[in-house]
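First up is the structure itself, then whatever we jot down about it.
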Amino acid sequence: MADEPHLIKSFEQELRRLRDMMTEMGGIVENQVALAAVAILDRDSTSASRVVEEDPRVDALERQVEQFVIRMLALRQPVAGDLRQAVAALKMTVDLERIGDYAANVAKRSIVLSQFTLPYSLAGLGHMARLVQENLKLTVDAIGDNDADKAMQVWRSDLMVDDIYTVIFRELITYMMEDPRNITPCTHLLFIAKNLERIGDHATNIAETIYYAVKGESLPDARPKGDSSAYAMVPPSRTGES
């Protein structure tokens, strides 16, 4: 969405620079989540290592954004929409950094999980990972475009992620009750699913922050209930698919 031009051109450039830094940070964590999904679904230890290696870059960018915003607040003393944009950046970097941490956790657990032969399909987890990635990409696009409409789409989609997580949780608990040998791998899968669900939550947090920064008003506390039929999951096969 287009912003109103500022009288001081240098301030306009600083806001654009801030948005670029946020988009760069978002791009890195988006790649981390994608690599983490590959690591767990393809048992790819190389992708898992790359996720962990990207963490310092995310942390460094978080510090850069924080320093940039503090300097902007001190020197420019922005008001109204500009102040919302600056404060929103501080909040969003925290959420982006946490997304990177959760992606790294998924990657680390995928390495441990690769030691086990899984007697069930990871299709449900893969579906959840794809939906989380789609929402995160839309979130990063919303940051770059300062787009409240895209932020609203992310906010509406988070319920689907929660629904899928609930189904996965129940299935894994069932496997653990049926055979004690499943307890260790299922525990890792439970944590992985929870990490993905938390990534979705932080993407939603960012979406809410963007909406407020652009519109000057908060989204409703209660999320709308969507049609989750398109996300219905088929119980996994127990015939040895890994």
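The gain in end-to-end length when the residue 177 to residue 23 segment is fully stretched comes to 51.0 nm, 0.36 nm per residue minus the alpha carbon separation. Largest GNM mean-square fluctuation across 218, 157, 49, computed for the chain with C-alpha springs under 10 Å, falls on 218. Comparing 123, 160, 196 along the charge dipole axis of segment 9-229, the residue lying farthest to the positive side is 196, per the Cβ-charge model.
Across the options 29, 81, 70, the greatest Cα extent toward the positive end of the charge dipole of segment 9-229 (unit charges at beta carbon of Lys, Arg, Asp, Glu) belongs to 70.
About its Cα centre, the dipole of the chain is roughly 280 debye, where the only charges are +1 on Lys and Arg Cβ and -1 on Asp and Glu Cβ.
Taking a Cβ cut-off of under 14 Å around residue 67, the surrounding Lys, Arg, Asp and Glu residues balance to a net charge of -1, with basic ones at +1 and acidic ones at -1. Over all other residues within a Cβ to Cβ distance under 15 Å of residue 51, the charged ones net out to -3, with Lys and Arg as +1 and Asp and Glu as -1.
Full extension of the chain between residue 215 and residue 13 yields a length gain of 70.6 nm, computed as 0.36 nm times the residue separation minus the alpha carbon distance.
Taking 0.36 nm per residue of separation and subtracting the Cα-Cα distance, full extension of the segment from residue 127 to residue 63 would add 19.7 nm. Net charge near residue 24: determine it from the other residues with C-beta under 14 Å of the C-beta of residue 24, scoring Lys and Arg +1 and Asp and Glu -1. Net of charged neighbours comes to -2.
Cα centroid separation, segment 85-155 to segment 203-222: 18 Å.
For the chain, the percent of C-alpha pairs falling in each 5 Å distance bin, counted from 0 to the bin holding the largest distance, reads 1, 7, 14, 17, 16, 14, 11, 8, 6, 4, 2, 1, 0, 0.
Rule-based calculations on the coordinates, nothing more; no lab input. Everything numeric here is computed off the predicted structure, so don't read it as measured data. As a convention, Cβ positions derive from the backbone with ideal geometry for all residues, glycine included, and neighbour counts pool all protein chains shown.
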